[in-house]
Amino acid sequence: MSVRRLSPNQPESFAFTPATLKAAKGWMANFPAGRQQSAMVPILWLVQKQEGWVSEPAIRAVAELLEVPVIRVLEVATFYTMFMLEPVGTHALVQVCGTTPCQTRGSEALMAVCKRKIGPQNHKSPDGKLYWQEVECLGACANAPMAAINDYYYEDLTPESFEKLLDDFAAGKKPKPGSAIGRQGSAPEGGPMTLIDPKLYDGSLAKKVKIPNLPPKAAKPAKEKA
């Protein structure tokens with residue numbers, strides 16, 4: 001596992017928005033008194049949704065809210081790679097899967113697009129709108145290659161379709177997530193290939209099946225008294 005450190009560039013302070021604080025207290029209420037720290041992960045996620053990343057002042061604010069030592073929150077924030085420890089793009093956080101299934105299907109070409117349009121990984125684009133990084137398996141192997149952008153998956157990508165996605169995000173658009181080739185879930189390319197007969201689902205086939213009359217069950221013999 002790579003070493004994860006806080007960004008050297010930190011804001012002077014952090015404050016929960018009213019909506020974030022309300023949601024955080026809602027998570028805390030799910031746990032018994034004295035066990036509020038069990039809400040740490042969802043509260044850090046709320047912080048990230050508010051700010052785009054988790055800063056050192058935010059970690060201190062979460063520790064104060066949960067009444068735990070700062071090191072406890074720092075341990076969690078630096079352990080889970082879902083938490084970004086430096087500022088990311090204002091429009092899109094792009095995470096390209098580079099694990100074997102995606103790599104064999106062309107993920108390196110997607111990363112080349114990122115390098116050309118955004119720059120080195122773990123950095124923002126010059127205009128600050130986009131940020132990208134290579135990540136480990138995101139679990140969409142059947143639809144490789146793919147990338148997670150902000151909260152959604154974009155699958156069955158080509159360099160051309162991926163570049164258009166980045167352009168759309170940079171322009172402030174919100175492209176529809178899912179397969180770039182219109183694949184339904186993880187079905188085969190071109191659509192389902194089995195169980196496609198409508199009779200399997202409209203009930204017409206079932207009406208033609210005759211259920212034979214079963215012979216009556218034999219009566220059980222009465223138990224003999226001792």
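The values are calculated or read from the model by the stated rules, or taken from the named source; none is laboratory data. Treat the numbers as computed from the prediction; the structure is a model and nothing was measured. Because the Cβ atoms are built from the backbone with ideal geometry, glycine has one as well, and the counts that use them run over all protein chains shown.
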Exclusive hit being within 19 Å of D151 (Cα to Cα), charged (D, E, K, R) and either free of Cβ contacts under 8 Å to residues at least 60 places away in the same chain or assigned to a loop (DSSP other than H, G, I, E, B) (or both), set E64, E108, E75, E86: E86
Exclusive hit being hydrophobic (A, V, I, L, M, F, W, C) and surrounded by fewer than 19 Cβ atoms within 10 Å (Cβ to Cβ), set V96, V70: V70
Residues of the stretch 152-163 satisfying the condition of being more than 12 Å from V94 (Cβ to Cβ) and not in a strand (DSSP E or B): D156, T158, P159, E160, S161
Pick from the stretch 123-158, criterion surrounded by fewer than 14 Cβ atoms within 10 Å (Cβ to Cβ) and over 16 Å from the mean Cα position of the chain (by Cα), ranking: nearest to E51 (Cα to Cα): G128
Whichever residue in the stretch 1-26 is among the β-branched types (V, I, T) and assigned to a loop (DSSP other than H, G, I, E, B) and, among such residues, is surrounded by the most Cβ atoms within 10 Å (Cβ to Cβ): T17
Residue match in the stretch 27-38 (condition: aromatic (F, W, Y) and assigned to a helix (DSSP H, G or I)): yes
Near pairs, Cβ below 9 angstrom, 6+ apart or cross-chain, from the stretch 164-191 (assigned by TED's automatic domain parsing to the domain that holds Y154 and within 13 Å of K129 (Cα to Cα)) to any residue that is exposed (fewer than 13 other Cβ atoms within 10 Å of the Cβ) and basic (K, R): D167/K173; D168/K174
